[in-house]
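Everything below concerns the one structure shown next.
Bear in mind that the values in this text are calculations on the coordinates, not laboratory data. The model shown is predicted, which means the values in this text are computed figures rather than measured ones. Note that we place each Cβ from the backbone using ideal geometry, even for glycine, and neighbour counts take in every protein chain shown.
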Amino acid sequence: MSGAAGPGRAPLPCAARAAAALQLPGGAEAARPGVAVIDLRFPRGGAADVHEIVFKNFYTAFLSVRVQRAGPPGPRRWVTCLRDHRLMPSPHTEEGSQDYFSLRRHQMLCDMEQVTALRFILRQPSPAWLHFSIEELQVFPPAQKSPQKDFPSWLSQLTPPEQPASPHGELPDPEKVSTEVQQMWVLTEVIRARQAAARIGRFDVDGCYDVNLLSYT
Amino acid sequence: MLDPDSGLSLTIARIVRRLQGSSLHSQLERQARVSLHKPEIKLESLKEDIKDFLKTSGWEKKLQNAVYSELNVFPSPCHPAAPPEHMKEPLAYMRKAQGSWEKRILKSLNSMCTELSIPLAQKRPASEQKELLNKWNEMGTDEPDLSLFRPVYAPKDFLEVLMNLRNPNYENGEQPSFRNHLGLIQVPLKVKDIPELKEDFSELGLNTGQLGIDDSAQVPPEFFENEHVRVGQKVLAEQDSAAAQQYVRQGCPTALRADLWALILNISNQPEDILYYEQLKSNVIQYDLLVDSLIYKDVKLTASNDDYYFVFEDYLYQVLLCFSRDTSVLEHFTYSSATPPKSYIRGKLGIEEYAVFYPPNGVIPFHGFSMYVAPLCFLYHEPSKLYQIFREMYVRFFFRLHSISSHPSGIVSLCLLFETLLQTHLPQLFYHLREIGAQPLRISFKWMVRAFSGYLATDQLLLLWDRILGYNSLEILAVLAAAVFAFRAVNLMEVTSLAAAEAVLADLSTLKVMPLLQIFLFATVT
């Protein structure tokens, strides 16, 4: 399974307990309560800064996340950092049911530093689905600054609106001219370095297209 | 779900990657270099001056059209953690169903190959190549013996597969409940209801002029038609794809349709495109494929028997035979739930360097496939342009009509949309047809799979396909199917068997598409 790790990002090691459905006290037969909880702790009671949580949905409609943070000794409190985040726009239908999601720091309601435990509260109010859960849960720390080897960052951003033209009669700023020319040079170099995406169009191998029967794998 | 900023930069990066190395890119580079000689380009404002030059000379517009085309064709980028099959189809059980369906097709093709002892592909001997080259423009006069060939599958076989599609995580109980759909499709996909459709198709409303309604003989042309033609000519002069797409939502004037569709699909018929088509033609001459016989058989069975399309028989061969050999079609498999069939060169089984796709474009034609091409023959007479238009229409729209996917324009969603619309707005009719064993989808499925080609009169069909291009969605096919049932509801309430229901709906050639759609969406009491 492809990891979501970009340059300089590795998921934090953690142990996630399987989803436990909510049980009502005194309930005899196994009801389907539509609420499940997944607890996640870091190994050896450690704490870490959490920047991003990535997971694959499996028919969960709403997600709440609560965290426990390392702090003064005493009873630890659970703090809600995400409340009823909607994963499936229409819980009776398939939309969003098996999609991948990212929860980022800026979506959280509280600080995510020195987190010791995470609790994911899954809700699926529709009785149409037999099981629901979230899968492939990964937690990422804040990314280290790494040099962009891929595109220069300005290539993948929208250009800001044009600045008004400088008044006539002034000599052009040599600094500005040299940076402009340098940028153009970088652009041409990047383009030249890339292989052309031209299609060759041949479907045979070495002039031969004598094929076997079609394979099933 | 991606947050907006990273989604945008991913999209920009993807489009830049795709346009790099394209002929448009090298043309832009050449233009920029040529412009350096012009006096108005100054070194201190090099970037802005070149950008201004490209804007005034119309090249920026061409780039905009290319970007717009990419945005329309490719879906929004997936989450970085998602594997490639997730972009093809997010739901695992649908991927599995598509895989089993494809396996059935491959088995069928393989067994045809072994039974008839005809190789899947063989090189033509030189004499046969010369003969075919001479006969290229009149392949319809050929009468090969096709009696032993049979189409690999027909739409009704595909309908059986869709009927049996189930989500293993869905409560498909035996007891009738709100979860069991009353129609044939049992998967809980999200489909739009009439208020949402009214909003999406707002340009089809009662207060907006339409070609197909407001250009009829009784309406003086000053009210709508003349102005609409004038706007269309202006759009063509501007060469703006996005504007053209918005314009055709109200219909295309017949004289402008060919150019407008080419503008929307971003087809310009450059010399390199003509050369590419000629190369495909030489591939047809060189190699004889088994699928060629399937194409011949399909054309002879469908288009040649049709009153409107039999004159285009030769064009159909010229397009479809080349289509089978076009490896650029393989690109659409990144966003289609289907997978191209694979094979190995004889004697090199299992060696990856000798793995090839068969047919080269990965698409195995089924019964009625040639009807996707036939209506386009009315618009385009130059084979290479006709070919490019068809190829673009296929990789944008038609592939969704014969593969299992959860996409809103996929055939499964269209079937569910049709059944839901009918059930919600004509419940008595739906119940009656169900009781007599005539599930409505059994009748309308073949219309939707062929995008109504061969069922409607040609001018009406082209008005319908105007809207498919304008809205970049096939949902209008399901709406039209429901509208047809609504129109013939009185007759249908009196039938007592599936055969009689089919007879009521056998002939759609007199129907006017746009009034039906307008009444169903905007003038029906809900």
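Observations on the structure shown:
- Anisotropy class of the range B:48-173 from Cα gyration tensor, a/c 1.5 cut: oblate
- Other residues within the sphere of radius under 15 Å centred on the Cβ of B:Leu349, judged by their own Cβ, net out at 0 (K and R +1, D and E -1).
- Positive minus negative residues near B:Arg257 (Lys, Arg vs Asp, Glu; Cβ under 11 Å): -3
- For chain B, the relative contact order works out to 19 percent when only alpha carbon pairs closer than 8 Å and six or more residues apart are counted.
- When the C-alpha to C-alpha distance is required to be over 19 Å, the pairs from B:Lys61/B:Lys234; A:Lys176/B:Lys47; B:Lys135/B:Lys281; B:Lys61/B:Lys88 that qualify are B:Lys61/B:Lys88.
- Subset of B:Lys198/B:Lys512; B:Lys198/B:Lys385; B:Lys300/B:Lys348; B:Lys300/B:Lys446; B:Lys103/B:Lys192; B:Lys297/B:Lys446 violating a 30 Å alpha-carbon distance limit: B:Lys198/B:Lys385; B:Lys300/B:Lys348; B:Lys103/B:Lys192
- Integer Hz, Karplus 6.51/-1.76/1.60 couplings in order for the range B:195-211, x for Gly and Pro: x, 5, 5, 4, 6, 5, 9, 4, 6, 8, x, 5, 8, 10, x, 9, 7
- Among B:Glu48, A:Glu180, the ranking by other beta carbons within 10 Å of each residue's beta carbon, starting with the fewest, stands as B:Glu48, A:Glu180.
- Within-9-Å neighbourhood charge of B:Phe53 [Cβ basis; K, R +1; D, E -1]: 0
- Built amide H within the under 5 Å cut-off of B:Lys342, gap 5+: A:Ser215, B:Tyr358
- Computed [θ] at 222 nm, helices only, for the protein assembly as shown once each DSSP H run of length n ≥ 4 contributes -39500 (n - 2.57): -12500 deg cm²/dmol
- Average beta-carbon neighbours from other chains, 10 Å sphere, peptide B:9-22: 3
- For chain B, the longest site-free run once chymotrypsin sites (Phe, Trp or Tyr not before Pro) in DSSP loop states with at most 14 other Cβ atoms within 10 Å are removed: B:224-526
- Per-residue HN-Hα couplings for the range B:152-168 [Karplus 6.51, -1.76, 1.60; θ = phi - 60°; Hz; x = Gly/Pro]: 5, 7, 10, x, 5, 5, 5, 4, 4, 5, 5, 5, 8, 6, 9, 8, x
- Take each residue of peptide B:79-90, count the partner chain Cβ atoms within 10 Å of its Cβ, and average: the result is 5.
- Only aspartates and glutamates eight or more places from A:Lys56 in sequence, or on another chain, were considered; those with a Cα closer than 13 Å are A:Asp99, A:Glu135, A:Glu136.
- B:Lys123 long-range amide H proximity, modeled H, under 5 Å: B:Asp288
- Karplus-derived 3J(HN,Hα), 6.51/-1.76/1.60, for each residue of the range A:91-105, Hz, glycine and proline x: x, 7, 10, 6, 4, x, 6, 10, 7, 8, 10, 10, 10, 9, 3
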